[in-house]
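Presented below is the structure to which this report refers.
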Amino acid sequence: MDFKRKKIRLGDLLVESKAISQEQLEKALSKQKKTNKKLGELLVDDGIITEDDIAVALSHQLGIDIVDLQNIHIDPNVAKLVPVNILKKYTMMPFAFDPNNKNILLVAMENPLDTYAQEDVALVTNYQVEPVVATTRSIMLAIDKYHGQEEVRSALNQYAKEKKLDVEDEDAQQEADDINSSPIVKMVKEMIDLAVRQRASDIHLEPMEDYIRVRYRIDGVLHKKATYNISVLPAIIARIKIIGGMDISEKRKPQDGRITQIVDHVEYDIRVSILPTVFGEKVVMRLTAKMALTREKSQLGLKPYELEQFDSILKNPHGILLVTGPTGSGKSTTLYTALSELNTNDVNIITVEDPVEANIDGINQVQVNVKADLTFASALRSILRQDPDIIMIGEIRDHETAAIAVQASITGHLVVSTLHTNSAASTITRLEDMGIESYLIADSVIGVIAQRLVRRLCPQCKQPKPATAEEKEFMGIPVDKEVTIYEPCGCSKCDNTGYKGRIGVYEIMRMSPTLKQIISKRMGADVLKKYAIKEGMRTLRRSGSEYVVKGMTSFQEVMKISLDT
């Protein structure tokens, strides 16, 4: 190709295509001299350009194709033609042979201008190389898919060989020394990288009698990803304890820790929980991108009428807004979004959380510390003396916290918090059960948002089908009306699950004089729900059914979230 001989540089090409300015290029180049980072990586990190923009610019300027490796099936024999260390060094992935010439290997590259990379692949494979453009993320996902577990396994095998791991468990000090050896360090990092790239929210490391099971929770569902020899468990656990700031010698008590790791230029906050089980310590790591919790309100998946309801609740100068739902239903994201919306220079926002899930500029965040007697209730009492306008309580768990929250809202503060209840109406009953007087609840609560997350159907492979009479009845659609809904199928794009990503389903109850009266008279959740629906509340079932009819999710997903509502 012409550009091989011309030796065009990536920076010049991006300036030429007007993707970046000459000034931005010069700044990045001077920064590059101080770091070992690639130019493209620096530009993406600084938010000057996205990976997709780089790929499009390269494709247009060089006249070569763009490929999305997640949309195509790669023959494992082709994927393994080049050793993984070379693939990672140059961020590239062989994916097919040219259909017209079997001697030409098509290679997806983040930088197709890198002639050294092409020469290396040609030497290793003995094929002529034809570069194609792909984003870094797309290439890394493909490398993980075809080489990820193999890398982890080789790290473990290397560790086992070095330590001759057929011996009995060693003492904690010996373990601590062993664990800093590079194979295990590499293996734990690789495991977290793999999970992030596969969109996992949690990693489960579970000791069985003679092996370790590794599972990732992706879109709310656990998937088994690997099994390892039980002999490496102490080494893995010790490494996680070291980086998570836990006590390496304590093996009989549960422990909690925190890890920060950067994966593909994004900082992840990882909460670690270790629990002793009969076969050894089980680890669960919860992964959160620091940026993911503070997103735009429009990205929550609220429909236009729900956005309008959400806005009108947030306009109240005081009162309690409660977000409810089970663990993992996106409550924290909704709360943080509300706070980011309210976060201006003229208000004092204080939060009390257990733990603080994301740091937000301009907000004062307090972490609960039971050992230091800093509970939700004691922190709240102190917070009220800090002249707050808005208070966020991570969770209302007991009468004391609930009572202070109600008192704070009545005395002119806006309070936002979460509760674990099934529906918006049952939230009021829960507060009554906690011992709060019904007239105080009626006075203080300005709105309740019940929410769930359902999996989105993969747009590539979902299959249409006519809705049955039972399905129409469940969704509140007339039985004689013809309705097409979609079912999951499974393809390479969605890892054969039929689903990709999740979307929020909301039930928003705005307080009105009628609803306040029903609460004051303690008429119960059923009556409250009936009148709230009359006043425009859409239940989780109805809200989810709208997504089914639009083809965004499946009937099975909505059944899961709305059988009890």
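Structure summary
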quantity: Farthest positive-ward along the chain dipole, Cα basis, beta-carbon charges - from Q158, G47, T351; calculated: G47
quantity: Rel. contact order, % - alpha carbon contacts under 8 angstrom, at least six apart, the chain; calculated: 9
quantity: For peptides 187-193, 471-477, 72-78, sequence by mean Cβ density within 10 Å, most packed first; calculated: 187-193, 471-477, 72-78
quantity: Set of lysines with alpha-carbon distance to K516 below 22 Å, sequence-local pairs under 8 removed; calculated: K315, K529, K530, K534
quantity: Extreme residue, positive dipole direction of the chain, given options V278, V67, V558 (C-beta unit charges); calculated: V558
quantity: Estimated dipole of the chain in Debye, rounded to 20 [Cβ of Lys and Arg +1, of Asp and Glu -1, Cα centre]; calculated: 740
quantity: Over 21 Å (Cα to Cα) - which of K189/K371; K225/K282; K38/K500; K303/K331; K465/K500; K186/K225 fall in this group; calculated: K189/K371; K38/K500
quantity: Ratio of the Cα radius of gyration of the chain to 2.2 N^0.38 Å, where N counts its residues; calculated: 1.11
quantity: Amide hydrogen neighbours beyond the local backbone of T553, cut-off 5 Å, H modeled; calculated: L457, V548
quantity: Reach of K297 by Cα under 15 Å, taken over aspartates and glutamates that are not fewer than 8 positions away in the same chain; calculated: E306, E308, D311, E341
quantity: Potential extension, T115-H420 segment - 0.36 nm per residue separation minus Cα distance; calculated: 104.1 nm
quantity: Among F95, G319, L14 the positive-end extreme of the charge dipole of the chain (Cβ point charges); calculated: F95
quantity: The chain: calculated mean residue ellipticity at 222 nm from DSSP helix runs of at least 4, using -39500 (n - 2.57); calculated: -11500 deg cm²/dmol
quantity: Computed E for I66/R9 - FRET, C-beta separation, R0 25 angstrom, nearest 0.05; calculated: 0.80
quantity: Dipole magnitude of the range 511-565 about its Cα centre (Cβ charges: Lys, Arg +1; Asp, Glu -1), debye to nearest 20; calculated: 240
quantity: Per residue solvent-accessible surface (Å²) - the chain, probe of 1.4 Å; calculated: 48
quantity: Heavy-atom accessible area order for V266, V152, largest first, 1.4 Å probe; calculated: V266, V152
quantity: Local electrostatic count, C489, Cβ distance below 15 Å [Lys/Arg +1, Asp/Glu -1]; calculated: +3
quantity: Protection-proxy order for peptides 33-46, 424-437, 453-466, each taking the mean of Cβ atoms within 10 Å per residue, highest first; calculated: 424-437, 453-466, 33-46
quantity: Relative contact order (percent, whole number), the range 491-565, Cα cutoff 8 Å, 6+ residue spacing; calculated: 28
quantity: Probe 1.4 Å - accessible area at M208, Å² to nearest ten; calculated: 50
quantity: Charge dipole magnitude, Cβ of K and R +1, D and E -1 - the range 402-486, Cα centre, debye nearest 20; calculated: 580
quantity: Listed peptides 399-405, 446-452 by packing density, highest first (mean Cβ within 10 Å); calculated: 446-452, 399-405
quantity: More than 13 Å apart - percent of Cα-Cα pairs taken over the range 474-540; calculated: 75
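The values are calculated or read from the model by the stated rules, or taken from the named source; none is laboratory data. A quick note: this is a predicted structure, and the numbers were derived from the prediction, not measured. FYI the Cβ positions are ideal-geometry reconstructions off the backbone, even for glycines, and counts take in every protein chain you see. With ligands, DNA and RNA removed, areas are computed over all heavy atoms of the protein, side chains included. Shrake-Rupley method; radii C 1.70, N 1.55, O 1.52, S 1.80 Å.
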